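J.: Attaching a single structure in structure tokens format; questions to follow.
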Amino acid sequence: MIFDSLLDRPLAQTLWDYNKLKHALKPADFLLLIGSYNLDVADYVDVLFMQKMGKVIVVSGASTDMQGMARLPRDEPEWKEFKERLKELGNAENDIIVEDKAMRISESIANTRDKLLADTQGEYNNGIIIMPPHYERRAFATAQREWPDVNWQVTSPNVTYDDYINQYDEENLIHLLVGDTQRIIDYGERDLIVKQEITEDAMTAYKKLRDKGYTKHLNKED
């Protein structure tokens, strides 16, 4: 497979736009930071917390996999790297709750639910999930299935596709976009997430990029 920016970029932009939900945020009871390769997400969470968009921050993720998107390998699990960054930014230890077992989004939601509901002193009716832009729709649909009692919002750093590919390898990002879209379709059909409507443009873009060979992050099994 040879990456062709003229042909592939518009299709990738279509999937990028489909997977970003652009929720208008309202203050919530907690912020859930789902770990990833993108440490800029921690900086964005810090801004949201300073704006009092959440009363506490949950940092979730046990993986060390950078999904081919970062130049340097990760030696520490996601939760530790993101927690350390939040503390560097001035957030207090008691403002951060750690979920250190999750290896996928559904586990982040389920484990966070169990951890927060065990806290009888707090009320957790509204949550904001924060992650890289291309995960927004899948994370939202997963959260609605795993913890439907919460009113969920989802957000990510405000960055365009063009700006994102200045930071990260575009070819691998397209692999991720195709993988995310496949999971939205497949998991919805299997009732693992709340089923999402997929636009004709997004489906066409997904199929064209998949058939061209952007299959590195397709789900082989679950």
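A short reminder: the numbers here are calculations on the coordinates, not readings from a lab. What you are looking at is a predicted structure, and each value in this text was computed from that prediction instead of being measured. Every residue, glycine as well, gets a Cβ built from its backbone with ideal geometry; the counts of neighbours run over all protein chains shown.
J.: May I ask which residue of 58, 154, 121 lies farthest towards the positive end of the charge dipole of region 21-155, with charges of +1 (Lys, Arg) and -1 (Asp, Glu) on Cβ and the Cα centre as origin?
T.: Of the candidates, 154 comes out farthest on the positive side.
J.: Working from Cα positions, state the angle (0 to 90°, nearest 10) between the long axis of helix 78-88 and the longest principal axis of the chain.
T.: 60
J.: Can you compute the FRET efficiency between residue 159 and residue 94 using 1/(1 + (r/R0)^6), with r the Cβ-Cβ distance and R0 = 25 Å? Round to the nearest 0.05.
T.: Numbers: r = 30 Å, r/R0 = 1.22.
Computed FRET efficiency for residue 159 and residue 94 comes out at 0.25.
J.: Which residues' amide hydrogens lie under 5 Å from the amide hydrogen of residue 58, considering only partners 5 or more residues apart or on another chain, with H built in the peptide plane?
T.: When sequence neighbours closer than 5 places are left aside, the close amide H contacts are 31, 32, 33, 97.
J.: Just the projected area, averaged over all directions, of the convex hull on the alpha carbon atoms of the chain: how many nm²? Kindly include the intermediate steps, with their values, before the conclusion.
T.: Details: hull surface 47.8 nm².
Quarter of the Cα hull surface area: 12.0 nm².
J.: In addition: Going by amide H atoms built from the backbone, whose H comes under 5 Å of the H on residue 151, apart from near neighbours?
T.: 126, 127
J.: Here's a follow-up. Among 102, 118, 62, determine the one that fluctuates most according to a GNM of the chain built with springs between C-alpha atoms less than 10 Å apart.
T.: 118
J.: Next question, about the same structure. Give the residue from 103, 203, 18 lying farthest towards the positive end of the charge dipole for the chain; charges sit on Cβ (+1 for Lys and Arg, -1 for Asp and Glu) and the dipole is referred to the Cα centre.
T.: Final value for the positive-end residue is 203.
J.: A further question on this structure: Enumerate the calculated ³J(HN,Hα) couplings along region 94-110 in order (Karplus 6.51 cos²θ - 1.76 cosθ + 1.60, θ = phi - 60°), each rounded to whole Hz, writing x wherever the residue is Gly or Pro.
T.: Residue by residue, region 94-110 yields 7, 8, 10, 10, 9, 10, 10, 10, 5, 10, 8, 4, 4, 6, 4, 5, 5 Hz.
J.: By how many degrees, between 0 and 90 and to the nearest 10, does the Cα long axis of helix 170-189 differ from the longest principal axis of the chain?
T.: Value to nearest ten degrees: 70.
J.: Also, I was wondering about something else. Enter the angle in degrees (range 0 to 90, nearest 10) between the Cα long axis of helix 40-50 and the first principal axis of the Cα atoms of the chain, meaning the one along which they spread out most.
T.: Roughly 40 degrees between the two axes.
J.: While we're here: For the chain, what is the calculated [θ] at 222 nm in deg cm²/dmol (nearest 500), taking -39500 (n - 2.57) for each run of four or more DSSP H residues and dividing by its residue count?
T.: Details: 8 runs with 101 residues, N = 222.
Result for the chain: -14500 deg cm²/dmol, rounded to the nearest 500.
J.: When the chain is treated as a GNM, springs tying every alpha-carbon pair under 10 Å, which of 23, 175, 134 comes out with the largest mean-square fluctuation?
T.: 23
J.: Could you give the dipole magnitude of region 177-222 about its Cα centre, charging the beta-carbon of Lys and Arg +1 and that of Asp and Glu -1, in debye to the nearest 20? Walk me through the intermediate numbers first.
T.: Details: 9 positive and 10 negative charges, 57 e Å.
It works out to roughly 280 debye.
J.: Can you tell me which aspartates and glutamates have their Cα less than 13 Å from the Cα of residue 83? Leave out same-chain residues fewer than eight positions away.
T.: Straight-line reach from residue 83, under 13 Å: 40, 43, 46, 93, 95, 99, 100.
J.: Report relative contact order for the chain in percent, whole number only (criteria: Cα-Cα under 8 Å, sequence separation at least 6).
T.: On the way: 367 pairs, mean separation 54.9, N = 222.
Worked out over the chain, it gives 25 percent.
J.: If you place +1 on the Cβ of every Lys and Arg, -1 on the Cβ of every Asp and Glu, and leave all else neutral, what size is the dipole of the chain about its Cα centre, to the nearest 20 Debye? List each step's numbers first, then the result.
T.: Details: 28 positive and 40 negative charges, 64 e Å.
Once rounded to the nearest 20, the dipole reads 300 debye.
J.: Hey, another quick one. Of the residues 173, 86, 117, which exhibits the maximal mean-square fluctuation in a Gaussian network model of the chain defined by a 10 Å Cα contact cut-off?
T.: Top of the fluctuation ranking is 117.
J.: Percent relative contact order of region 162-222, based on C-alpha pairs within less than 8 angstrom and at least six residues apart?
T.: The normalised contact order for region 162-222 reaches 45 percent.
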